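Structure, as structure tokens:
The values are calculated or read from the model by the stated rules, or taken from the named source; none is laboratory data. The shown structure was predicted, so the numbers you read here are calculated from the model rather than taken from an experiment. Note that we place each Cβ from the backbone using ideal geometry, even for glycine, and neighbour counts take in every protein chain shown.
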Amino acid sequence: MIEPERIVSLSREVESLANRGVSDIHAITRQTRLLAINALIEAAHAGKAGMGFSVVAEEVKNISERISKIASGLTEDLQVSINELTALGRGMCFDVRGQRLADLSLNMIEIIDRNLYERTCDVRWWATDAALVDALTSYSTDDCARACERLRIILDSYTVYLDIWVADKSGRILASGRPEAFGRVIGANVAKEPWFIKAMQHASGNQYFAGEVTAEPLLNNSHTCTFSAAVRSNADKQTPVIGVIGIFFDWTNQANSVLNGVRLSEDERSRSRLMIIDDNHGIIASSDKQNKLGERVELQTKAGQLSGYSILSKNLIQSYSITPGFETYLGMGWRGVIEQHLPTIDE
């Protein structure tokens with residue numbers, strides 16, 4: 001048995017011990033009462049000679065009845081206190097477990113936020129890379145090849161990405177970092193994609209676009225969240241936009257790494273479901289492989305609380321924490337959620 005459930009277990013043990021003790025008292029008083037009654041009968045048979053003995057026997061009978069009443073009263077008093085102690089123990093179990101799970105939910109979504117914040121820095125930094133600017137300026141085969149090589153080198157160092165693309169102002173992709181893995185990328189047109197449209201509208205090199213988790217057809221339908229920024233002539237923050245860089249975060253592997261890193265014991269993990277959900281309460285990552293992405297979660301939140309927990313059933317807790325954002329990344333309303341069945345606390 002583990003804390004804090006041990007408190008409830010101990011209250012049950014106290015109840016059991018008290019009941020056994022009172023039961024023993026009742027058994028003894030019954031025997032005493034029977035002996036007293038038998039003594040009264042024998043005293044009556046003895047006539048005057050047994051009168052003194054009958055007085056003692058009557059007193060013994062009265063005392064045994066008083067003891068029996070005291071024991072019954074003790075049982076009632078103890079039961080009230082034990083029930084209250086059990087209820088307090090149960091409440092403590094939910095409070096301790098719930099707050100811990102809420103803290104773990106917050107930690108989980110904070111790691112996601114910090115990770116995605118780094119992606120916003122990457123995309124703005126790489127938008128100034130000279131090889132990309134040259135490819136979008138000259139359109140020459142050699143410059144585009146050098147841009148592909150540059151992106152490949154970046155991907156070799158940054159293993160959190162599926163691919164990186166560079167598209168011109170018309171939306172045509174001129175370069176990618178993994179053309180051998182994703183052969184349909186170069187030459188494809190992304191002019192209608194939100195990440196491209198938003199980046200083309202950016203007024204400054206300080207801006208970026210962060211996308212929701214989606215399946216990208218050109219990346220073999222891998223799940224990714226896309227970050228983009230405008231590439232500008234001369235790599236200056238205020239010069240005209242000449243194209244867009246899009247970086248594709250390897251969402252599935254990275255999100256699973258975060259879920260697997262939550263500090264739960266093996267026993268706790270076997271009783272838990274860890275999730276990251278979007279602002280529409282749709283699942284975008286889950287430790288339960290039977291959950292489908294986009295499946296909606298009924299979240300029991302409390303008004304005005306960014307983090308908390310609820311009791312869904314007798315022994316099921318649901319905790320949550322909304323994305324706090326990090327630095328210049330404000331988050332997208334995502335939440336970390338943990339549902340956990342508590343250990344049996346009635347035994």
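Taking Ala87 as the residue in question, decide whether it is modelled with pLDDT of 70 or more, among the small types (Gly, Ala, Ser) and under 41 Å from the mean Cα position of the chain (by Cα). No; evaluated as a whole, the condition is false for this residue. Residue pairs whose Cβ atoms lie under 9 Å apart, separated by 6 or more positions or on different chains, with the first residue in region 297-308 and crowded, with 16+ Cβ neighbours inside 10 Å and the second hydroxyl-bearing (Ser, Thr, Tyr) and modelled with pLDDT under 85, are Gly308/Thr301.
Residues of region 153-196 that are closer than 19 Å to Val213 by Cβ and touching a strand residue (DSSP E or B) at 6+ places or on another chain (Cβ under 7 Å): Val160, Tyr161, Leu162, Asp163, Ile164, Trp165, Phe182, Val190, Pro194, Trp195, Phe196. Of all residues in region 115-166 being in a helix (DSSP H, G or I) and polar (S, T, N, Q), which is nearest to Gln254 (Cα to Cα)? Looking at residues that are in a helix (DSSP H, G or I) and polar (S, T, N, Q), I get Asn115.
So which of Glu110, Glu180 ends up being part of a loop (DSSP other than H, G, I, E, B), over 20 Å from Ser233 (Cβ atoms) and charged (D, E, K, R)?
Sole residue among the options that is part of a loop (DSSP other than H, G, I, E, B), over 20 Å from Ser233 (Cβ atoms) and charged (D, E, K, R): Glu180.
Select from region 206-249 the residues that are hydroxyl-bearing (Ser, Thr, Tyr) and either closer than 21 Å to Gly177 by Cβ or at pLDDT 95 or above (or both) and write down the one among them that is surrounded by the most Cβ atoms within 10 Å (Cβ to Cβ).
Initial filter on region 206-249 (hydroxyl-bearing (Ser, Thr, Tyr)): 208, 214, 222, 224, 226, 228, 233, 239.
Right, trim to either closer than 21 Å to Gly177 by Cβ or at pLDDT 95 or above (or both) and you get 208, 214, 222, 224, 226, 228.
Values: Tyr208: 24, Thr214: 18, Ser222: 18, Thr224: 23, Thr226: 27, Ser228: 30.
Restricting to residues being hydroxyl-bearing (Ser, Thr, Tyr) and either closer than 21 Å to Gly177 by Cβ or at pLDDT 95 or above (or both), the top hit is Ser228.
The requirement of being at pLDDT 85 or above and of a type in the set (A, V, I, L, M, F, W, C) is satisfied by Leu316. Scan region 167-177 residue by residue and report those that are farther than 23 Å from His223 by Cβ, not hydroxyl-bearing (Ser, Thr, Tyr) and not in a strand (DSSP E or B). Within region 167-177, just Lys169 meets the criteria. A count restricted to region 163-199 and to residues that are in contact with a Ser or Thr (Cβ under 9 Å, 6 or more places away or on another chain), surrounded by fewer than 18 Cβ atoms within 10 Å (Cβ to Cβ) and under 14 Å from Ser228 (Cβ atoms) stands at 2.
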